[in-house]
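Chemist: Dropping the structure in here first, questions after.
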Amino acid sequence: MKTNSIVKLCLSIVLCICFLQLPHVNADNISNNAAEFTISPVYPHEQKEDDAGYFDLNVKKSTTVPVKVKISNLNKNQDIEYLIKVGNATTNDNGTINYTNFKNKKDTTAKYQLTDFISKTELKQKVTVKAGSSSEVTVNLKVPKQKFPGTIAGGIYVERLTNAYVNEKSGMNTRNHFSMTLPIILTEQAKVKRIAKMELDKVTVKNGPEITAKLHNVKPVMFGKLSIDSKITKKNHTKTLVHKSVNNYQVAPNSSFNFLASDSSNQLGTGHTLTYSWFYSTSDNINDLKKVSTEFTNDTDRKADGTLGTDWMTLSAKDDFTQYLEKQALAGKKTYLMMKIYVDGQLSTLTNPILVQIQTPTLKVPDKIDFGTIPAKDIYNGGDFESLTKDNDNLSVSIPSASKNAWQVSASTEETGNNSIAKLNGQLNIFGKNLTTTPVEVASVDETGKTVNLPLNAKVTFKGYHNPLAAGTSFTEDINWNLSPKTTVSASE
């Protein structure tokens, strides 16, 4: 009996409606060669929030809205040509939104899509930006007379055309392309409550068997936190053969995507049992495979061993394997994960190595803040003195893009020693805050995915000192730094 005649697909779709927190800018093709350009939105008056980082527009019917993108050429020696295109938002099969789809036809349930509002000449443009300068490109959105319900989404795509890097030394040439995207979101009635509606269009079964469910958002609503729970059983049976659930999918308005409920690895109908075990190795010796569950035993719930297609390995922050990965990353060493797959207990295959990338917050401060030589009379009489190294006295903070918290930097001084500045009735000040032995917050960082540099503005203040000073004596102050996530404290009623 064929597999596709004995399986039944049960899908449970849970919708948690919440409008997406969109990214500021999506960089598509990351490479070792610098893109050497940036793009930023020039907001029209229809923009809801001026600091959104993308176009979030509340428009009116029968109006024309100028959407402008500022392209900055960071190369000071060469004029650069750029390609600008406008696309529509679709949903990828992995549950993310693509804001610049140029190929798909309009969804059958959509009244309008973004490109309906733009002339053909403005859908695709080219512009050359002078070296070290900026230029604005305009796309005019012509809002129709008839009101449109819900949300329309898409984006502006900017690609560098001039001098993509070519490697001609090897036998095969490579060319790197750099592009960036700014999402565009349109609504006419910003405060109207909108309800999404997901439908199951069809289920496709291929050899293997590979079972795919086409899910369709038939409403002009963009949302996130979509949960999908699927189970596959034999026809007229209740025993689950394959169970798959996902969370936090993001869905574009009036769009569909394919949800892979079961792939060929599940071997439905064959009667075989497929299991897996995760192994790891390091850059010291990539061929030295060690079993995760054997080497790290503090967390038996991580599921480093399990049933393929049913169980998934998850790592918590407290897991000793997670902590090992973090130490490896901080030491500049690479760690690789590989999965061994077993059929009925016999080794069947070993997957290719997967490089593990751990993102950890980092804080960098100067090794020394140098105030130079201060005359004794100035210490006796008092006064304020800036650091001699003030131009380089910067605090550098990098927060991973996956972080959901704002982070704070706090600082304090050590207990005063014999040669402490505090012994001279002196006070060390950074970021406008006086440092004591009690930690005090000196900076707050809520930007993720990039390095933030902040000037310390260090100075030392002497309030007057009346004891003898030996010539040539050095005085120091040791600073304790701490980087930690901010916590929100709420009062209960």
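The values are calculated or read from the model by the stated rules, or taken from the named source; none is laboratory data. Model, not experiment: these values are computed from the prediction. Don't worry about glycine lacking a Cβ; one is built from the backbone with ideal geometry, like all the others, and counts go over all protein chains shown. The protein model used for the area step is the full one, side chains on, heavy atoms only, and it has no ligands, DNA or RNA in it. Shrake-Rupley method; radii C 1.70, N 1.55, O 1.52, S 1.80 Å.
Chemist: Mind listing whichever residues of region 178-229 are modelled with pLDDT of 90 or more, open to solvent by 50 Å² or more (accessible area, probe 1.4 Å) and polar (S, T, N, Q)?
Modeler: none
Chemist: Confirm whether residue 441 is under 31 Å from the mean Cα position of the chain (by Cα) and either at pLDDT below 85 or of a type in the set (Asp, Glu) (or both).
Modeler: Considered against the rule, which asks whether it is under 31 Å from the mean Cα position of the chain (by Cα) and either at pLDDT below 85 or of a type in the set (Asp, Glu) (or both), residue 441 comes out as yes.
Chemist: Do we find that residue 126 is touching a residue at least 12 places away in the same chain (Cβ under 8 Å), assigned to a strand (DSSP E or B), open to solvent by 70 Å² or more (accessible area, probe 1.4 Å) and over 27 Å from residue 246 (Cβ atoms) in this structure?
Modeler: yes
Chemist: Of all residues being out of contact with any helix residue (DSSP H, G or I) (no Cβ under 7 Å at 6 or more places or on another chain), surrounded by 14 or more Cβ atoms within 10 Å (Cβ to Cβ) and at pLDDT 85 or above in region 445-478, which is nearest to residue 366 (Cα to Cα)? Just the residue, please.
Modeler: Within region 445-478, the match that is nearest to residue 366 (Cα to Cα) is 456.
Chemist: Starting from region 46-75, take each residue that is touching a residue at least 60 places away in the same chain (Cβ under 8 Å) and closer than 20 Å to residue 180 by Cβ and list its partners that are surrounded by 14 or more Cβ atoms within 10 Å (Cβ to Cβ) and of a type in the set (D, E, K, R), counting only C-beta distances under 7 angstrom and pairs at least six apart or across chains.
Modeler: Going by the 7 Å Cβ cut-off, the qualifying pairs are 57/46.
Chemist: What pairs come out if I take residues in region 310-331 that are of a type in the set (Ser, Thr, Tyr) and loosely packed, with under 14 Cβ neighbours inside 10 Å and pair them with residues that are modelled with pLDDT of 85 or more and part of a helix (DSSP H, G or I) whose C-beta lies under 7 Å away, six or more apart or interchain?
Modeler: 316/322
Chemist: Also, I was wondering about something else. Which helices (runs of 4 or more DSSP H) sit wholly inside region 283-385 and have at least 3 residues that are over 30 Å from residue 421 (Cα atoms)?
Modeler: 292-295, 320-330
Chemist: Sticking with this structure for a sec: Please specify each residue of region 332-377 satisfying the condition of being open to solvent by 60 Å² or more (accessible area, probe 1.4 Å), in contact (Cβ under 8 Å) with a residue 12 or more places away in the chain and among the basic types (Lys, Arg).
Modeler: Those that are open to solvent by 60 Å² or more (accessible area, probe 1.4 Å), in contact (Cβ under 8 Å) with a residue 12 or more places away in the chain and among the basic types (Lys, Arg): 333, 334, 364, 368.
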